[in-house]
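The values are calculated or read from the model by the stated rules, or taken from the named source; none is laboratory data. Just so it is clear, the structure is predicted and the values come from calculations on it, not from any experiment. Cβ sites come from the backbone with ideal geometry, for glycine too, and all protein chains shown count toward neighbours.
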Amino acid sequence: MSERTPRPTRQPTRRGRAVRWGVPIAVTALVAGAIGAGPVIAAVQGDPALPERTAEQLLADALRAAETGPRPMSGTLLQTASFGLPGLPQAAGPGGSTSPAALLAGSHELKVWYGGENKVRLALAGRMSETDLIVGGDQAWLWESADNTATRIKGDLSPEAHAAQAPKALPTATTPQQLAQEVLERAEEGTAIGVTANEKVAGRDAYQLTLAPKDASSLVKEVKVALDGETFVPLRVQVYAKSAAEPAFEVGFTSVAFTPPAPENFTFTPPPGATVKEQSLTEIGRELGADPQQRRERGEELKGDVKTVGEGWTTVAVLPFSVEDLTAESAGGDGSESESAAATAEALLESATPISGPWGSGKVIRTKLVSVLLTDDGRLLVGAVTPEKLAEAAGRK
Amino acid sequence: MSTVERVRPAAEDARTEGSASGAAPEPAPVSAGASGTEPGAAVSAGRAPGAVRSWLRLFGSEAGLTFRRPRNIAMLAVLAVIPVVIGVVMRLFAEPISAEAQAEGGGGIFTQITGNGLFLTFAALSVLVQLLLPVAVAVVAGDAVAGEAGGGTLRYLLTAPAGRTRLLAVKYGNAVVFGLAAVSLIAVSALVTGLVLFPAGPITLLSGTTIPFAEGLLRIGLVVLYVSAGMAALAAVALALSTLTEVAIGAIAATVVTVIVVQVIGVIPQLSWLQPYLLTHWWNGFDGVLRDPIATAEMGRGLLVFAAYTAISGSVAWARFTGKDITS
């Protein structure tokens, strides 16, 4: 090979090399910019401008929108929960479990299609699996791809009955609409209502309504409800605890479209080879509630043994309960589900702090939003209040 | 690979320039300005048919070497055999495996294999995309530059009138094609095994809806493309690491270790906020194809992440490779 003299013009100098390295730096900056662009653009644009509305007007609008029922829509919901449950074994496995019980911790994405009365589809996607709830006309199905099971839900599917039962039986049915409705209905004397800066939620301009309990013993600092500027449909609900700056619970749309979804979403035929079951809502609820405490609660609720003390934000639920029952029930079950449930219960009990007073003694579990008091005389008190308030309620037999 | 083997295409390229002196050209010191030795004519011929042909020839010689290398063939063979093993095991012991897998929470897709052979493709890919497929791509892409440097053949390659940028692009294209070939091979092997061992027919998607067999094949095609895009992003990372060292095994090991570390980070619950930025997190995103409607938003996000990784790593590789002194 003949020797050639490299032309000096193309010889990379130290400066040339620096210029070359400018390219990856520029590309990295571009990517970082693209990631950060959303919040920056939002900050530059400022709060979306919407016609002024007082808190009362907004509340009335929201309630009216809730009464007329939501309009056809589809979207993606993101639910983030950080209740601060002490020492809870990780409920969600890597990649996200599709078990609805896993919704209690971490953040989860839920797809929603709503086509009108009795036309609902909810999809909870997991890694290589999906759980779907499909309500179409007079049929309702629960499809779990992980078990290849389709469950036909028996019972009354009229909107009233559905609304009354579904949120309790199926944690997956928690949409901003349902949650907002519950909160708005509670917004009575004990609540300070206000309006904060408008915000963009799921790409739409939205009003922000804040509801704060006046009672100091409530663990809830405030509840923020983002209402769509056009339709007054709740787009996001954030529940702030007094002890944290970040919302303890948040459910909201990350994308939403107010167009009627395709009708295929609301029909379901069990695929060939799938196990087909038939169950009523309460049965499913009992099965899905992996937490024995919840299961117990529900069981007791059905019996009508629950008493409530106080009202509004500081309502305390009192139900008969004992630690022995809990462990016995866990031991009585079979399979890995009850094992993990027992582990959860144990972890929770270990984190409980002893408490005593004129009413007796017991153990208190405190999370950001909810306090639970297990008294030694076999009562369970639950409420979104401070442990002191629970103890006070325990004194009122 | 032996030095002699590597020298061949370089010599071929050199011959076109009329300066080849034989099978073992005297190693001339190639300075950092090797790209500068390119004749001006070739540069100005930018998009001329001749340039395209020489690109293709360089690429063909690269691909030929890659697909003829025994270790690459061995890796492809292993990748092709695994779907067969999964299929046979599922056929023989369907019950215990599915129960065990279900307990781990990832059994959903495996239980469906016995019902429909097409699902073996998705199951096999979901298993292989975790480690074996990335390893195969890392071996090819990590070896691309470091292997040449380590074997002392890089300077011969650079004596050819092919600029460094072009050589890097060809090396990257080669790794991407290898990834696509590996993914396609897995898909085809799984498809054939599935159709032989299990009943075929309409596919049940994760959402519970059923689609005809032909559409199922189409969706397999989408999965292959998506996974290949993910592997192309990994190839860019491996190529960038490959330009940093002259020891091929170093670049390969670094890539594989990176993949494993990132996967470990991905399953730590406290770092879950980091997940959307991790490359490995998106590899499994192909399950979006199996939903009804197809989860285009999620998969689009995955493709954007792949593009970002490719752009950053690719530009690092370019900056490093075009600016470094080639001493071996």
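If you go through the stretch B:319-326 one residue at a time, do you hit one that is loosely packed, with under 15 Cβ neighbours inside 10 Å and within 14 Å of another protein chain (Cβ to nearest Cβ)? Yes. When B:Ile252, B:Ile265, B:Ile312, B:Ile220 are checked against the criterion of being facing another protein chain (nearest Cβ under 9 Å) and part of a helix (DSSP H, G or I), B:Ile312 stands alone in meeting it.
Results for (1) in a helix (DSSP H, G or I); (2) within 10 Å of chain B (Cβ to nearest Cβ), shown as yes or no for each residue.
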| position | (1), (2) |
| --- | --- |
| A:Arg20 | yes, yes |
| A:Ala37 | yes, no |
| A:Asp47 | no, no |
| A:Arg53 | no, no |
| A:Gln57 | yes, no |
| A:Asp61 | yes, no |
| A:Glu67 | yes, no |
| A:Thr80 | no, no |
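Of the residues making up the stretch B:293-304, not a single one is farther than 23 Å from B:Leu278 by Cβ and assigned to a helix (DSSP H, G or I). Pairs linking a residue in the stretch A:358-369 that is farther than 17 Å from A:Glu346 by Cβ to a residue that is aromatic (Phe, Trp, Tyr), with Cβ atoms under 8 Å and 6 or more positions apart or on different chains, are A:Lys368/A:Phe83; A:Leu369/A:Phe83; A:Leu369/A:Phe249. Return yes or no: is B:Val289 more than 9 Å from every other protein chain (Cβ to nearest Cβ), in contact with a Leu (Cβ under 9 Å, 6 or more places away or on another chain), part of a helix (DSSP H, G or I) and more than 19 Å from A:Met128 (Cβ to Cβ)? Judged against the criteria, B:Val289 is not a match. Within the stretch A:366-384, if we keep just the residues that are farther than 15 Å from A:Leu319 by Cβ and among the hydrophobic types (A, V, I, L, M, F, W, C), the residue that is surrounded by the most Cβ atoms within 10 Å (Cβ to Cβ) turns out to be A:Leu369. Put simply, of B:Ala169, B:Ala190, B:Ala123 the only residue that is within 13 Å of chain A (Cβ to nearest Cβ) and either among the hydrophobic types (A, V, I, L, M, F, W, C) or surrounded by 24 or more Cβ atoms within 10 Å (Cβ to Cβ) (or both) is B:Ala123.
Number of residues in the stretch B:292-309 that are over 16 Å from the mean Cα position of the chain (by Cα) and more than 10 Å from chain A (Cβ to nearest Cβ): the value is 6. Right, B:Tyr226: aromatic (Phe, Trp, Tyr), within 25 Å of the chain's Cα centre (by Cα) and surrounded by 21 or more Cβ atoms within 10 Å (Cβ to Cβ) or not? For B:Tyr226, the condition - aromatic (Phe, Trp, Tyr), within 25 Å of the chain's Cα centre (by Cα) and surrounded by 21 or more Cβ atoms within 10 Å (Cβ to Cβ) - is met. If only residues of the stretch A:22-33 that are of a type in the set (Val, Ile, Thr) and within 7 Å of chain B (Cβ to nearest Cβ) are counted, the one that is farthest from the chain's Cα centre (by Cα) is A:Val23. Where helices (runs of 4 or more DSSP H) fall entirely within the stretch B:29-117, those with at least 1 residues that are modelled with pLDDT of 60 or more and within 14 Å of another protein chain (Cβ to nearest Cβ) are at B:70-104, B:108-113. Which ones in the stretch A:366-382 are among the polar types (S, T, N, Q) and over 10 Å from A:Ala394 (Cβ atoms)? Once the filter is applied, which keeps residues that are among the polar types (S, T, N, Q) and over 10 Å from A:Ala394 (Cβ atoms), the stretch A:366-382 yields A:Thr367, A:Ser371. The set of residues in the stretch A:224-248 that are among the hydrophobic types (A, V, I, L, M, F, W, C), assigned to a loop (DSSP other than H, G, I, E, B) and farther than 18 Å from A:Gln57 by Cα comprises A:Ala244, A:Ala245.
How about the stretch A:150-169: which of its residues are crowded, with 17+ Cβ neighbours inside 10 Å and modelled with pLDDT of 55 or more? Selection gives A:Ala150, A:Thr151, A:Ile153. Taken as a whole, the stretch A:184-192 holds at least one residue that is touching a Lys or Arg at 6+ places or on another chain (Cβ under 9 Å), hydrophobic (A, V, I, L, M, F, W, C), in a strand (DSSP E or B) and at pLDDT 70 or above.
Considering only residues in the stretch A:255-273 that are within 12 Å of another protein chain (Cβ to nearest Cβ) and assigned to a helix (DSSP H, G or I), the one that is farthest from the chain's Cα centre (by Cα) turns out to be A:Glu264. Within the option set B:Phe178, B:Phe213, B:Phe198, being over 17 Å from the mean Cα position of the chain (by Cα) and crowded, with 21+ Cβ neighbours inside 10 Å holds for one residue only, B:Phe198.
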